[in-house]
Amino acid sequence: MPDFELSEDYQVLSDTVREFADEVVAPVSAKHDEEHSFPYEIVSQMADMGLFGLPFPEEFGGMGGDYFALALALEQLGRVDQSVAITLEAGVSLGAMPIHRFGNAAQKEEWLPLLASGKALAGFGLTEPEAGSDAGGTKTTAKLGGGEWVINGNKEFITNSGTDITRLVTVTAVTGQDERPDGSIKKEISTILVPTNTPGFKAEKAYNKVGWNASDTHPLTLDNVHVPEENLLGTRGRGYANFLSILDEGRIAIAALAVGAAQGCVDQSVKYAKERSAFGQNIGKYQAIAFKIARMEARAHTARLAYYDAAARMLAGKPFKTQAAIAKMVAGEAAMDNARDATQVFGGYGFINEFTVARHYRDSKILEVGEGTTEVQLMLIARELGL
């Protein structure tokens, strides 16, 4: 039978990040949420802890860990502050991981030590005004000439793209096209490294979002951006395929974050139900409340096992695309359902932003949208079933 108990190293990591989340992150979460301010002091401390380097080799300044270690850290951070958790998730899985997976030796030497240190952040510029779930609809172009790529286009909803410590955004762009036998056109999509100090690159005004208010998210404009030909990341024309593989891994990380959010709602609800009295006793004594919280715990537990399974398959070198899609879908729905139920348990206080469950209520919806909508996950699962 499989053993889901964490090894000593994993448990120590999880406990350490949990303590950091409770004692350092949680006390300032409401402030950053209200001010829509990026938590630079928290990010700096996470960098000092080595969290941004968890899955990267020591030769590039990483901690020599693995993707499951990252997932455990994200779960613990997600319990108290999803904005902080997504900053780490996007910085690692979308910012640095593409370079680790597909970069050449020179690109890794230039960028990985900086990104793994957490002293700088990188973003991944995929989504466009007309290219979200349908990434093949990419309209940003990159034309090669004179040893340079000239990039023009717009990107939307790019995390970690406009902070004071953002140094790089990897963008997808159409670098050519081929005509299929049926006469239709197939776009050649590649990924290109764009340092943020490159003339013509601009992070536009940050979005006014429903949730994740302390996370940095911007639309991007690329206006005649010139970068060297060697900034091509991976093989020309493989940008879309490489991106999909990055997303498969990222779904495990997002699932872990969502499990943390779901568990955070359970923990807060249990505490409140033991303290809040109504009609002469603690509300947790009433079956309606107790059963609601019990169902919340079941959702969090089930979602955790799903991402554990997907991560185990990934680390074992086995196919994990379907399991990652299942984990992402189940965990995202668990987070949203638990946030709704936790808000109900808290009553009026659940509608006040200074309470963690209120922030989870606003934050969790994006977990059913970002890095692959629930509908895309269902499509992937159905496809695996031969439907």
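The values are calculated or read from the model by the stated rules, or taken from the named source; none is laboratory data. This one's a predicted model, so the numbers in the text were calculated from it and none came from an experiment. Glycine gets a Cβ as well: all are built from the backbone with ideal geometry, and neighbour counts include every protein chain shown. Surface accessibility is based on the protein's heavy atoms, side chains included, excluding ligands, DNA and RNA. Shrake-Rupley method; radii C 1.70, N 1.55, O 1.52, S 1.80 Å.
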ask   = Scanning segment 133-147 for residues that are among the hydroxyl-bearing types (S, T, Y) and open to solvent by 40 Å² or more (accessible area, probe 1.4 Å), which turns out farthest from L54 (Cα to Cα)?
value = T141
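Per-residue answers, yes or no, for (1) surrounded by fewer than 24 Cβ atoms within 10 Å (Cβ to Cβ); (2) closer than 16 Å to G211 by Cβ:
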{"position": "D309", "(1), (2)": "yes, no"}
{"position": "F346", "(1), (2)": "yes, no"}
{"position": "Y349", "(1), (2)": "yes, no"}
{"position": "N353", "(1), (2)": "yes, yes"}
{"position": "S364", "(1), (2)": "no, yes"}
query = Quick one: is E130 among the charged types (D, E, K, R), open to solvent by less than 70 Å² (accessible area, probe 1.4 Å) and either without any contact (Cβ under 8 Å) to a residue 12 or more places away in the chain or in contact with a helix residue (DSSP H, G or I) (Cβ under 9 Å, 6 or more places away or on another chain) (or both)?
reply = no
ask   = Name the residues in segment 131-166 that are charged (D, E, K, R) and farther than 14 Å from V227 by Cα, would you?
value = D134, K139, K155, E156, D164
The one condition in (1) loosely packed, with under 15 Cβ neighbours inside 10 Å; (2) of a type outside the set (S, T, N, Q); (3) touching a residue at least 40 places away in the same chain (Cβ under 8 Å) that E19 fails to fulfil = (3)
query = Which of the residues that make up segment 311-335 are exposed (fewer than 15 other Cβ atoms within 10 Å of the Cβ) and part of a helix (DSSP H, G or I)?
reply = L315
key: Yes/no for V25 being under 30 Å from L305 (Cβ atoms), of a type outside the set (S, T, Y), out of contact with any His (no Cβ under 9 Å at 6 or more places or on another chain) and buried (at least 20 other Cβ atoms within 10 Å of the Cβ)   = yes
message = If I ask for residues that are open to solvent by 60 Å² or more (accessible area, probe 1.4 Å) and either in a loop (DSSP other than H, G, I, E, B) or over 12 Å from L193 (Cβ atoms) (or both), which ones from segment 103-125 would you list?
response = N104, A105, E109, L114, K119
Selected residue [within 30 Å of H36 (Cβ to Cβ), in contact with a helix residue (DSSP H, G or I) (Cβ under 8 Å, 6 or more places away or on another chain) and polar (S, T, N, Q)] from N213, N197, N208 = N213
inquiry  = When the residues of segment 366-387 are narrowed to those that are of a type in the set (D, E, K, R) and in contact (Cβ under 8 Å) with a residue 24 or more places away in the chain, which ends up surrounded by the most Cβ atoms within 10 Å (Cβ to Cβ)?
reply    = E371
